[in-house]
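Presented below is the structure to which this report refers.
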Amino acid sequence: GVTMLESSPAMDNPDSAVEWAKKLGLPVIIKPVGGGGGIGMKVCKTFGEVRDQVIATAALAKNYFADSRIFIEHFIENGRHIEVQVFGDGKGTVAVLGERECSLQRRFQKVVEETPSPFLND
């Protein structure tokens, strides 16, 4: 299986966000629930930043996505962004179609996708 990191539930309350940041550990990344394309994603290295960025990101998310809710994840600095294509027919047949390296990013948006990823081995 794939190891998954814990994240917060959807929220828009700065106090709840700070509590979740304490639980997850700094740094954290704040993401709009309805987001895409890296819009509104903010890395926070202090609890004060978490509070301020939740307020700012919730307002931005409301304007862009008509949903002010955000969620929080622990931010992994210098992590790799590798996507895996998995196809299933809903009847139990599943095929892994390959992976791609998507770590070259600008403002949390992929700039280059390379397949197969040179960072994985057989």
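Computed from the C-alpha gyration tensor, the three semi-axes of the ellipsoid equivalent to region 1-49 are 17, 15, 11 Å, from longest to shortest.
When the inverse distances between all different Cα atoms of the chain are averaged and flipped, the Kirkwood radius reads 16.0 angstrom. Kirkwood analysis of region 53-122, using all unique Cα-Cα pairs, places the hydrodynamic radius at 15.2 Å. Nearest 10 degrees, 0 to 90: what angle lies between the long axis of helix 14-24 and the longest principal axis of the chain (Cα atoms)? It is inclined by approximately 50 degrees.
Loop-located GluC sites (Glu not before Pro) in region 1-58 (DSSP state other than H, G, I, E, B) with a sparse environment of at most 16 neighbouring Cβ atoms within 10 Å: 6. Count Lys and Arg as plus one, Asp and Glu as minus one, and take only other residues whose Cβ is under 13 Å from that of residue 13; the net charge is then -1.
Given a Förster distance of 35 Å, report the FRET efficiency between residue 10 and residue 121 from their Cβ-Cβ distance, rounded to the nearest 0.05. For R0 = 35 Å, the calculated efficiency reads 0.40. In terms of accessible area, using a 1.4 Å probe and ignoring ligands and nucleic acids, 39, 30 rank largest first as 39, 30. The angle between the Cα long axis of helix 47-65 and the longest principal axis of the Cα atoms of the chain comes to about 70 degrees, rounded to the nearest 10.
The values are calculated or read from the model by the stated rules, or taken from the named source; none is laboratory data. Owing to the predicted nature of the structure, the values given are computational and were not obtained by experimental measurement. Heads up, the Cβs are rebuilt from the backbone with ideal geometry, glycines too, and the neighbour counts pull from every protein chain shown. Calculation scope for accessible area: heavy atoms of the full protein, side chains included, ligands and nucleic acids excluded. Shrake-Rupley method; radii C 1.70, N 1.55, O 1.52, S 1.80 Å.
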